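A.B. asks: This is the structure I have questions about; it appears just below.
The values are calculated or read from the model by the stated rules, or taken from the named source; none is laboratory data. This is a predicted model, so every value here is computed, not measured. In this analysis, Cβ positions are derived from the backbone assuming ideal geometry, glycine residues included, and neighbour counts consider all displayed protein chains.
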Amino acid sequence: MRFLSIYKTAERSVPPSQEEMAKMGKLVEEGMKAGFLLAVEGCLPSALGARVRLSNGKLTVTDGPFTESKEVVGGLAILQANSKEEAIEMAKQFLVQAGDGECELRQLFEAGQNTQASMTANP
Amino acid sequence: MTATDAHREIDAVWRIESPRLIASLARIVRDVGVAEDLAQDALVAALEQWPQAGIPDKPGAWLMATAKHGAIDLLRRRALLERKHEELGREVEAQQELAAQDLDAAIDDNIGDDLLRLMFTACHPALSTEARVALTLRLLGGLTTQEIARAFLVAEPTIAQRIVRAKRTLAEAHVPFEVPRGAELAARLSSVLEVVYLIFNEGYTATAGDDWMRPALCEDALRLGRILAELLPTEGEVHGLVALMEIQASRSRARVGPSGEPVLLLDQNRAHWDQLLIRRGLAALERARRLTGDALGPYALQAAIAACHARACTAAETDWARIVAFYDALVRLSPSPIVELNRAVAVAMAFGPAAGLELVDGLTAEPSLRGYHLLPSVRGDFLFKLGRFSEAQAEFRRAASLTHNARERELLLSRARACVGGSTPPQP
């Protein structure tokens, strides 16, 4: 199973320190070492982003920063887990080290485990 | 939380933590069987206490602390039983060491080494391949006996016995808990990689309708491979194997048609190839290449061939000449009639059916390919493309008679029918 983990945390006013970057780097490394971290990305400040919305046929664009939200998306990870509980465990291990914040876990759609009849040459 | 919720959570914790737990304990008690028993005792304690007390923030540390108390008791009992003053002295030292250690640090510092030791021990050549597979899935994959049994379509007691005997064999042979060094490392590593790839292939060949634990084996193997790649980052073939598995796994969604029929690689809808896994596979292959240069090992070569397919947006864009070059190297490095046959197919795609036919004709006498339906199937394809229809028909009929797969037989017979009049056969 795959899970999307959307990491939300309070937006910071200064860029992360060398120490904080190293700490996050180490967390990513640990996830890699455990073999279940499929992908990980970090977000730049929301000031560089935008929200695009379609509502009642009307498109609106709101430029960042998104100061009205207490927390903004800080990054995402795609996890390979055998169960939701396992993904939760992975998220916990990350947060305990990363500090205050929230991981929203969403199971990702995967086409049914289609496997094939035995063929000697596996396509 | 309900008892079931708690159990599911504890199962998840166990799946993640048990390999590290067992590995650390094995280093202390020097016996993987005893280490697993101690870990299981800690699990029992967790099952008793966590439902009420809640799951601790650092469950791994909790389990390790509990298990280490068990280890201390065990060593103390051993000391008493043996009644040797020297032994007692050492045991007391060991107890003091355990008591004084900062448990969190103990888990982190040595864990990579310990996991490697556990991996090499579980894949020790003193054990049969089946035993290595079962023990690896149990100790490093965190699978229960029942899960392993379901995955391999074998009775649970058979797996249980296999694991018990494997642990006994290791204990009786006094297999040391260590990572092999120097020249021995290469040979032992190849045994580990073989086990991981066996697990992957077992999952890869699972059929639709099988117990979901079977295709899940691919994920278990991938996880083990990735862990190995981080623990042995300078070993090119480890990255090669990971690359091969990631790229093969990337095709899972495209390999089966709507009615469960197998879809050949060249006919697959590439939009269904998992680009995330392909990206990871190509990255792993790059790591292998950076380590070994042009001297890619067998797994890396197979991965390189898979990568050629992965990079082609359509079958027509496949760089067949490049694939041929990799097969040339693979044939030199790990020659086998099957590899030669696959090479012939690539040669035909790159240089025309006559070239392919020449290679295949050299294989017709191969004893190991005697009952293998793909040999006449491939030969038939070449003959058809060369306009030698009656010969092609004979080969397709022969291939049809050799395959056990009904769908495949039908495909081959339809190709045989198409040889009459020389029309193009219907596409699968």
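A.B. asks: Determine which member of the set B:Val196, B:Val192 is out of contact with any strand residue (DSSP E or B) (no Cβ under 8 Å at 6 or more places or on another chain), assigned to a helix (DSSP H, G or I) and within 14 Å of chain A (Cβ to nearest Cβ).
C.D. replies: Result: B:Val196 is the single residue among B:Val196, B:Val192 that is out of contact with any strand residue (DSSP E or B) (no Cβ under 8 Å at 6 or more places or on another chain), assigned to a helix (DSSP H, G or I) and within 14 Å of chain A (Cβ to nearest Cβ).
A.B. asks: May I ask you to say which residue of B:Gly89, B:Gly54, B:Gly60 is at pLDDT 85 or above, more than 31 Å from the chain's Cα centre (by Cα) and not hydroxyl-bearing (Ser, Thr, Tyr)?
C.D. replies: Just a single option satisfies the conditions, and that option is B:Gly54.
A.B. asks: While we're on this one: If only one of B:Leu118, B:Leu135 is closer than 15 Å to B:Ser191 by Cα, over 14 Å from the mean Cα position of the chain (by Cα), part of a helix (DSSP H, G or I) and away from chain A (no Cβ under 14 Å), which one is it?
C.D. replies: B:Leu118
A.B. asks: Residues that are hydroxyl-bearing (Ser, Thr, Tyr) and either crowded, with 19+ Cβ neighbours inside 10 Å or closer than 21 Å to B:Leu357 by Cβ (or both): does the stretch B:320-333 have at least one? Steps first, answer last, please.
C.D. replies: At the first step, the residues of the stretch B:320-333 found to be hydroxyl-bearing (Ser, Thr, Tyr) are B:327.
Restricting the remaining residues to those that are either crowded, with 19+ Cβ neighbours inside 10 Å or closer than 21 Å to B:Leu357 by Cβ (or both) gives B:327.
Looking for residues that are hydroxyl-bearing (Ser, Thr, Tyr) and either crowded, with 19+ Cβ neighbours inside 10 Å or closer than 21 Å to B:Leu357 by Cβ (or both), one finds at least one in the stretch B:320-333, hence yes.
A.B. asks: Also: So B:Met245 ticks every box in (1) out of contact with any strand residue (DSSP E or B) (no Cβ under 8 Å at 6 or more places or on another chain); (2) at the interface with another protein chain (Cβ under 9 Å from one of its Cβ atoms); (3) on the phi < 0 side of the Ramachandran plot but one. Which box is left unticked?
C.D. replies: Result: B:Met245 fails condition (2) only.
A.B. asks: What pairs come out if I take residues in the stretch B:279-308 that are outside any helix (DSSP H, G or I) and pair them with residues that are of a type in the set (D, E, K, R) whose C-beta lies under 8 Å away, six or more apart or interchain?
C.D. replies: Pairs that qualify, where the first residue is outside any helix (DSSP H, G or I) and the partner is of a type in the set (D, E, K, R), are B:Leu296/B:Arg289; B:Gly297/B:Glu237.
A.B. asks: Out of the residues in the stretch B:206-215 meeting the condition of being aliphatic (A, V, I, L, M) and at the interface with chain A (Cβ under 7 Å from one of its Cβ atoms), tell me which one is farthest from B:Gln146 (Cα to Cα).
C.D. replies: Across the stretch B:206-215, the extreme among qualifying residues is B:Ala208.
A.B. asks: Can I ask one more? Picking from B:Ile278, B:Ile227, which residue would you name as being aliphatic (A, V, I, L, M) and away from chain A (no Cβ under 11 Å)?
C.D. replies: Only one candidate passes the filter, namely B:Ile278.
A.B. asks: Is one or more of the residues making up the stretch B:152-160 in contact (Cβ under 8 Å) with a residue 24 or more places away in the chain and of a type in the set (Val, Ile, Thr)?
C.D. replies: Yes: one or more hits.
A.B. asks: Assuming B:Pro215 fulfils every condition listed in (1) over 17 Å from B:Glu286 (Cβ atoms); (2) of a type outside the set (Val, Ile, Thr); (3) surrounded by fewer than 16 Cβ atoms within 10 Å (Cβ to Cβ) apart from one, which condition is it?
C.D. replies: (3)
A.B. asks: Please count how many residues of the stretch A:64-112 are closer than 30 Å to B:Gly257 by Cβ, crowded, with 17+ Cβ neighbours inside 10 Å and facing chain B (nearest Cβ under 7 Å).
C.D. replies: Of the residues in the stretch A:64-112, 2 are closer than 30 Å to B:Gly257 by Cβ, crowded, with 17+ Cβ neighbours inside 10 Å and facing chain B (nearest Cβ under 7 Å).
A.B. asks: Here's something else I'd like to know. From the set of residues in the stretch B:9-51 that are over 25 Å from the mean Cα position of the chain (by Cα) and of a type in the set (S, T, N, Q), which is surrounded by the fewest Cβ atoms within 10 Å (Cβ to Cβ)?
C.D. replies: B:Gln49
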